[in-house]
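Participant: Handing you a structure now.
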Amino acid sequence: MDRVTELDPARLRRLQRVGMLCGFAAGAWLGAAEAPTKLVTLGIPPVVISLMMVLGVFTARWSVPALLRGTSAVREDVRQARIS
């Protein structure tokens, strides 16, 4: 048996929905690739734009998983991360 057939059908549907959401988010991300250029032409300094992008990535990396899986899963992820 492969791993897909071992999954609970309800869990498989949830995973498929998350995958579709990730696909739409990736499309929106690529569609917004011109946004920094347009923001610079509006007069916003590139440093501020970079800071906003870094904050967005940080929020996506830690806040979204906490909402989806709970804070205990994020704490476990932090515990397993290598500190160098």
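Quick note: the coordinates plus some simple rules give every number you see, no bench work behind them. The structure displayed is predicted, hence computed values, not measured ones.
Participant: When the Kirkwood hydrodynamic radius is evaluated over all pairs of different C-alpha atoms of the stretch 35-84, what value in angstrom, to one decimal, is obtained?
Facilitator: About 12.9 Å, per the Kirkwood formula over Cα pairs.
Participant: Figure the gain on full extension for ARG79 and ARG14 (residue separation times 0.36 nm, minus the Cα-Cα span) and round it to one decimal in nm.
Facilitator: Going from the current span to full extension adds 20.8 nm.
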